[in-house]
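Here, each number is a calculation from the coordinates, and none is a lab measurement. Everything numeric in this text was worked out from a predicted model, so none of it was measured. Cβ: placed from backbone, ideal geometry, glycine included. Neighbour counts: every protein chain shown.
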Amino acid sequence: MKSTIKIATAVSAVLISTSALGVTGLDRLVFTPSFLFEKGNYAELTLARARPSVTTSFAPEANIAERVDTLRFSYKHQLNNKFGLGLMVNTQPIGVDVNYQPIGTTLNGSVSSESYTALGRYNATDRISAFGGIKYQTVRGNADLRSLNPTIPGATKFNQDTDTGFVVGAAYSIPKIALRASLTYESDLEFDLDTTIPALGGLSLGDTKAGTPKTWTLEFQSGIAKDTLLFGSIRRTNWADSQVLFLGTTQLSTFDDTTDYKLGIGRKFSDSISGSVTLNYEPSTGEPSSPFSPQDGERGIALGLKFTAKDGFSTSIGVQYRKLGDTVTTATSGSIPFKDNDVVTVGLKFAKSF
């Protein structure tokens, strides 16, 4: 199955799956250790644009979600046969871009972030390896929350805060059949965002507490026939433990713990072209959703193509369609229903081993 090995990493991550509102909670561009397993020194740059259509049942023409652009850069330097170092930069690991004004309420919010993860990977044997490192993340935002809390005087700014956590994981591989399974744990992060009112000269009200949860991710792949690869992942996030607390007391979010499943198949068509099809599924909880993430579960499909030049430089393109689960959210004094919503994402990745 030698020819399968060549496509093991070629098709397992052709499309970067981003979310307009959050895969779960506020997640957008999630961490993956896959770049650490590339041969030799390796660099990749991925860009993606998500166009959501998120409307209410009573105003189907009024889209409350904004377009989302994301960028991720990963680099791995192989020091020797046993040890390699890696760096990953994500421009939107978490985020929010919602505006309820088209449906007649003042509620809107925008959260942006960046993360920088430095990693090391150690090969104990040709089959067993371990990896880990430090993740540094920044978060900031602004919102108009009067419809959630009438005591808040108009537009509110959440000044930037940072926190540092860790990533640790292990992997088992059988290179002969392109088999690899990795389990990654990401620690939770906590942010105390100085909350100010710009209209009142930047008057500080105190700190709003937010965070990102503990996360477990299982990723796997295996050659199943000549030039054919099966791959997938299971990602569990404990978002129920990472709610947004305005000034540390008023809970603004109702995030639930969720699990996201992906399963795909990749095929090498020639020495220069390979492709993939990926299905993803997140079960619904049946509970009302946060106004910052008005969806309850999802189903999606992604198609990807990768083109590899003779010098090893590759270009991957992909498109993903996600059907968002129907939900109800209490964004104002009454419930707001969301139904028949979706997101289309287009991704582009450039990569090179050297």
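For segment 233-281, count the residues as N, evaluate 2.2 N^0.38 Å, and divide the Cα radius of gyration by that value, please.
Working: Rg = 19.0 Å, N = 49, 2.2 N^0.38 = 9.7 Å.
So the Cα radius of gyration is 1.97 times the expected 2.2 N^0.38 Å.
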Quiz item: Which loop trypsin sites (Lys or Arg not before Pro) in segment 239-310, with loop taken from DSSP, have no more than 16 other Cβ atoms within 10 angstrom of their Cβ?
Solution: 310
Quiz item: Which order results if 72, 140 are arranged by neighbouring Cβ count within 10 Å, fewest first?
Solution: 140, 72
Quiz item: Long-range amide H contacts for residue 326: which residues qualify at under 5 Å (H placed 1.01 Å from N, peptide plane, sequence gap of 5 or more or a different chain)?
Solution: 296, 340
Quiz item: Which aspartates and glutamates have a Cα lying under 14 Å from the Cα of residue 226, excluding residues fewer than 8 positions away in the same chain?
Solution: 271
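Could you tell me what a quarter of the Cα convex hull surface of segment 2-353 works out to, in nm² with one decimal place?
Values: hull surface 68.2 nm².
If I average the Cα hull's projected area over directions, I get 17.1 nm².
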Self-check item: Cα-Cα over 23 Å, subset of 157/214; 268/349; 135/157
Solution: 157/214; 135/157
Quiz item: Taking K and R as +1 and D and E as -1, what net charge do the other residues with C-beta under 12 Å from the C-beta of residue 44 add up to?
Solution: +4
Quiz item: Counting other Cβ atoms within 10 Å, which chymotrypsin sites (Phe, Trp or Tyr not before Pro) in segment 35-106 have at most 11 and lie in a DSSP loop?
Solution: 58
Self-check item: Likely footprinting exposure, 146, 322, fewest C-beta neighbours within 10 Å first
Solution: 146, 322
